[in-house]
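Student: Dropping the structure in here first, questions after.
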């Protein structure tokens, strides 16, 4: 009985190695790119990559997405506490997804946690987040963002895909579209094996 528990713990630990390495890579890439583009901006100013469309700059955002609550003094404290709570929840679900062998969910949470940690480091060290990627669409300038924001977006899209199409109880999964009699036949075939 003790051996089964040890094997299970070992499987969970080994199942976390690659997603954790990915998570650390994403956080490191975020931090390196932020400071590289901050140094580039300090020496050269805005760097235009595609005229009137894509550029690198350096913007300090003391709020959340789209500078939400950046004008409030209590905003930084609120975001620091909220991020800590969200990180605890993400890590809990990350461990749970590894435990239940839900690889897609695990990797999507690696992106979400990596992006969250990347921006959280900025909040803790500087009380603001460094953003550096900018796009202009005609007269509209999309809010400047960073690599951590890209990770968060990719992770959330992956989670939405997982919960809509891949999970056993997903509304659009192939498993949920089977008729009840097909599921019963499948069960009896599996029991015979």
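The values are calculated or read from the model by the stated rules, or taken from the named source; none is laboratory data. Since the structure is predicted, the reported quantities are computational estimates derived from the model, not experimental observations. Note that each Cβ is placed from the backbone with ideal geometry, even for glycine, and that neighbours are counted across all protein chains shown.
Student: Could you tell me how many of the residues in the range 1-34 are modelled with pLDDT under 95, assigned to a helix (DSSP H, G or I) and over 24 Å from residue 103 (Cα atoms)?
Tutor: Result for the range 1-34: 2.
Student: In the range 116-143, which residues are under 17 Å from the mean Cα position of the chain (by Cα) and over 19 Å from residue 77 (Cα atoms)?
Tutor: Correct list: 131 only.
Student: Turning to a different aspect of this structure: Taking into account only those residues within the range 94-105 that are at pLDDT below 90 and part of a helix (DSSP H, G or I), which is nearest to residue 118 (Cα to Cα)?
Tutor: 94
Student: Return only the number of the condition from (1) at pLDDT 95 or above; (2) under 17 Å from residue 57 (Cβ atoms) that residue 141 does not satisfy.
Tutor: Exception for residue 141: condition (1).
Student: May I pose another question? Select from the range 157-188 the residues that are modelled with pLDDT of 65 or more and loosely packed, with under 11 Cβ neighbours inside 10 Å and write down the one among them that is nearest to residue 101 (Cα to Cα).
Tutor: First, pick out the residues of the range 157-188 that are modelled with pLDDT of 65 or more: 157-175.
Remaining after also requiring loosely packed, with under 11 Cβ neighbours inside 10 Å: 168-169, 171, 174.
On the way: 168: 13, 169: 16, 171: 20, 174: 19 Å.
Selected residue: 168.
Student: Another question, then. Could you please find all residues in the range 38-85 being modelled with pLDDT of 90 or more, in a loop (DSSP other than H, G, I, E, B) and touching a helix residue (DSSP H, G or I) at 6+ places or on another chain (Cβ under 8 Å)?
Tutor: Passing the criteria: none in range.
Student: I'm told residue 110 meets every condition in (1) over 20 Å from residue 18 (Cβ atoms); (2) in contact (Cβ under 8 Å) with a residue 24 or more places away in the chain; (3) out of contact with any strand residue (DSSP E or B) (no Cβ under 8 Å at 6 or more places or on another chain) except one. Can you identify the failing condition by its number?
Tutor: Condition not satisfied by residue 110: (1).
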